[in-house]
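J.: Mind looking over this structure? Questions follow.
Throughout, read-outs are computed from the coordinates displayed, never taken from laboratory work. What you see is a predicted model; the values in this text were computed from it and never measured. Every residue, glycine among them, receives a Cβ derived from its backbone with ideal geometry; neighbour counts consider all protein chains shown.
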Amino acid sequence: MRPSFLLALGGLTLVACGGSPPPPPAASAPKPVAAVTAPAPKAPAPAPAGQTGPGPLIAAPVVPHAAGVSYESKDRRDPFLPLDVTSGPKGLEVATTKLTGIVRSARTTLALVEAQDGIGYILKPGDTLGDGRLVEIGADAVVFAVSARPGAQSNRVVLKLAAN
């Protein structure tokens, strides 16, 4: 490139960067917005003579909500209902499952457990499965703490890796 071209380009850049501020945006008429008005709060009643302390409480304005709003589940879980995270799949008992594998990596160890109906579960220590909580993953076995009901004394159930 020629030096004169670079000099001209540099001069245009300085003029463009250091010039006057850009013109303000064109003013347009504001569009009307539908506003919801709440009833004005009533003026507080004067305190009776001899009363000290804070005055009467004023109620917050009422915010209208959409009437007739409903949720169609379409065979999905309703997100407005609380989750039942205290137990795993309903009716599943740890004693009826079998340990099918143990996966070890540098960061974590996972247990592969299969239920009687053929559904497999991948668990890490602390996960719940049916009526038990996985406590420990050993070299060829896992240990669950199983309790008959929440808050009751828990029993240890050991599942050993099935040899083929």
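J.: Give me, ordered by chain and number, the residues 5 or more places off residue 127 or on other chains with an amide H under 5 Å from its own placed amide H.
T.: 134
J.: Right, next: How charged is the neighbourhood of residue 145? Take every other residue with its Cβ under 15 Å from the Cβ of residue 145, and add Lys/Arg as +1 and Asp/Glu as -1.
T.: Taking every Cβ under 15 Å from that of residue 145, the sum is 0.
J.: Okay, moving on. Express the Stokes-Einstein translational diffusion coefficient of region 94-160 in µm² s⁻¹, to the nearest whole number, given a Kirkwood radius over alpha-carbon pairs, 37 °C and a viscosity of 0.692 mPa s.
T.: Values: Rh = 12.0 Å.
It diffuses with D of about 273 µm²/s by this estimate.
J.: Under 8 Å for C-alpha pairs, at least 6 residues apart: give me the relative contact order for region 94-160, rounded to a whole percent. Write down the numbers at each step before the final one.
T.: Values: 131 pairs, mean separation 16.5, N = 67.
Relative contact order, region 94-160: 25 percent.
J.: Quote to one decimal, in nm, the extra length available between residue 71 and residue 152 on full extension: 0.36 nm per residue of separation minus the C-alpha distance between them. Intermediate values should be presented prior to the final figure.
T.: Working: separation 81, 0.36 × 81 = 29.16 nm, distance 3.78 nm.
So the extension gain works out to 25.4 nm.
J.: Separate question: Grab the other residues whose beta carbon is less than 13 angstrom from that of residue 162, score K and R as +1, D and E as -1, and report the net.
T.: After counting each charged neighbour, the total is 0.
J.: Now for a different question. Determine which aspartates and glutamates satisfy two conditions relative to residue 98: a Cα distance under 13 Å, and not lying fewer than 8 residues away in the same chain.
T.: 114, 117, 140
J.: Order of 122-133, 105-116, 152-163 by packing, highest average Cβ count within 10 Å first?
T.: Highest to lowest by the protection proxy: 122-133, 105-116, 152-163.
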